[in-house]
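A.B. asks: One structure coming up, written as structure tokens, with questions to follow.
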Amino acid sequence: MPRASWWVTALGLLAAAVALDSSKPFVSVTAVDAWWLYIGEVAGSRAESAAHMRDACTGAGFTVLRVSATSFWPDIMRATWFANRTAYLELFDTFINDAAAANCSVLLDLFWNPFMFADAVGEPLGVSMDLTRPSLARTAMLDFAGALVTRYAHTRTVAGWEWGNEWNLLVDLNMTAQQPALAPGRGTPASRSAADNFSTDGLMGLMQVVTTAVTAADPLQRPAYMCIDIHEQPVLCAAAMA
């Protein structure tokens with residue numbers, strides 16, 4: 001669930017030197033709620049988030065903030081991105097500018113909550129990973145990733161693009177038994193079913209499709225970081241496979 005907390009994570013291997021001052025060590029802090037404060041996902045304000053970024057980068061010496069670029073719950077994404085993408089991107093411009101003013105680069109996590117886009121369009125999660133059939137969620141994910149990457153590909157403040165957070169912890173699980181990430185009042189269904197199940201091959205297939213799209217949309221040809229976190233520690237950061 002979303003929470004207003006920032007914690008340190010080791011991303012010293014982050015190879016986005018093209019977006020950073022190579023004379024500085026690459027030291028990152030996960031600031032998942034930095035954007036959430038701008039869109040009302042958690043309690044707080046843009047000013048509070050901007051102050052946190054200044055404290056982290058200008059004050060504490062972090063160089064990269066790992067940030068969720070979407071909301072956690074689907075109701076916020078429906079009310080913002082799906083309702084008015086122009087306003088969403090214009091506000092994101094402000095966020096990027098505030099990060100730059102704080103001497104921060106940002107690693108933008110495209111799909112923090114695995115269920116968010118599927119829930120937002122009313123589709124089981126497993127459908128998006130079945131590349132043999134159409135998927136509203138997959139289309140929405142590609143649309144969002146393409147818009148964000150195209151808009152910020154030339155922005156030096158953006159250090160790279162990250163896949164998501166802890167998707168690997170859901171691979172091969174029985175969602176009927178697990179019932180994860182449910183909050184009907186926030187736009188999720190009331191329950192999960194076997195249609196939400198997905199395999200390693202399904203996840204890797206969707207990652208490949210998105211990675212290809214991200215790489216094509218970024219003319220700076222920075223690595224498209226497809227990172228999956230386990231136990232809140234980044235364990236897999238692979239360059240784009242396209």
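The values are calculated or read from the model by the stated rules, or taken from the named source; none is laboratory data. Please read these numbers as outputs of a predicted model, since none were measured by experiment. Methodologically, a virtual Cβ is constructed for each residue, glycine included, from the backbone with ideal geometry; neighbour enumeration extends over all protein chains shown.
A.B. asks: State whether one or more residues within region 75-87 are in contact (Cβ under 8 Å) with a residue 12 or more places away in the chain, touching a strand residue (DSSP E or B) at 6+ places or on another chain (Cβ under 7 Å) and either of a type outside the set (Ser, Thr, Tyr) or surrounded by fewer than 16 Cβ atoms within 10 Å (Cβ to Cβ) (or both). Give the steps one after another, and end with the answer.
C.D. replies: Taking region 75-87 first, the residues in contact (Cβ under 8 Å) with a residue 12 or more places away in the chain are 75-78, 80-82, 85.
Subsequent filtering for residues that are touching a strand residue (DSSP E or B) at 6+ places or on another chain (Cβ under 7 Å) retains none.
Scanning region 75-87, I find no residue that is in contact (Cβ under 8 Å) with a residue 12 or more places away in the chain, touching a strand residue (DSSP E or B) at 6+ places or on another chain (Cβ under 7 Å) and either of a type outside the set (Ser, Thr, Tyr) or surrounded by fewer than 16 Cβ atoms within 10 Å (Cβ to Cβ) (or both), so the answer is no.
A.B. asks: To continue, here is another question. How many residues are assigned to a helix (DSSP H, G or I), farther than 17 Å from Arg66 by Cβ and modelled with pLDDT under 85 if we restrict to region 213-229?
C.D. replies: 3
A.B. asks: Then there is this: Just one of Arg156, Arg138, Arg151, Arg133 is within 26 Å of Val29 (Cα to Cα) and modelled with pLDDT of 90 or more; which is it?
C.D. replies: Arg151
A.B. asks: Being crowded, with 23+ Cβ neighbours inside 10 Å and not in a helix (DSSP H, G or I) is the requirement here; does Ser49 meet it?
C.D. replies: No, not satisfied.
A.B. asks: Out of curiosity, is Gly202 surrounded by 15 or more Cβ atoms within 10 Å (Cβ to Cβ), on the phi > 0 side of the Ramachandran plot and either of a type outside the set (A, V, I, L, M) or at pLDDT 95 or above (or both)?
C.D. replies: no
A.B. asks: Just name the residue that is modelled with the lowest pLDDT out of those in region 87-121 that are part of a loop (DSSP other than H, G, I, E, B) and among the aromatic types (Phe, Trp, Tyr).
C.D. replies: Trp112
A.B. asks: Out of the residues in region 122-160 that are in contact with a Lys or Arg (Cβ under 9 Å, 6 or more places away or on another chain) and among the aliphatic types (A, V, I, L, M), which is surrounded by the fewest Cβ atoms within 10 Å (Cβ to Cβ)?
C.D. replies: Looking at the filtered set, the residue picked out is Leu131.
A.B. asks: Looking at region 164-207, which of its residues are part of a helix (DSSP H, G or I), among the acidic types (Asp, Glu) and closer than 29 Å to Ala31 by Cα?
C.D. replies: Passing the criteria: only Asp196.
A.B. asks: Output the number of residues of region 122-155 satisfying the condition of being in a loop (DSSP other than H, G, I, E, B), farther than 20 Å from Arg85 by Cα and polar (S, T, N, Q).
C.D. replies: Of the residues in region 122-155, 2 are in a loop (DSSP other than H, G, I, E, B), farther than 20 Å from Arg85 by Cα and polar (S, T, N, Q).
A.B. asks: Assess whether Arg138 counts as being more than 17 Å from Pro180 (Cα to Cα), among the charged types (D, E, K, R) and in contact with a helix residue (DSSP H, G or I) (Cβ under 6 Å, 6 or more places away or on another chain).
C.D. replies: When the stated conditions are applied, Arg138 passes them.
A.B. asks: Related question: Kindly establish whether Asn165 is at pLDDT 95 or above and polar (S, T, N, Q).
C.D. replies: no
A.B. asks: Let me ask something else about it. So Glu232 passes all but one of these: (1) farther than 17 Å from Gly126 by Cβ; (2) modelled with pLDDT of 55 or more; (3) acidic (Asp, Glu); (4) out of contact with any helix residue (DSSP H, G or I) (no Cβ under 8 Å at 6 or more places or on another chain). Which condition number does it fail?
C.D. replies: Failing condition for Glu232: (2).
A.B. asks: Still on this structure, please answer the following. From the list Ala43, Ala50, Ala137, Ala56, which one is small (Gly, Ala, Ser) and free of Cβ contacts under 8 Å to residues at least 24 places away in the same chain?
C.D. replies: Going through Ala43, Ala50, Ala137, Ala56 in turn, the sole match is Ala137.
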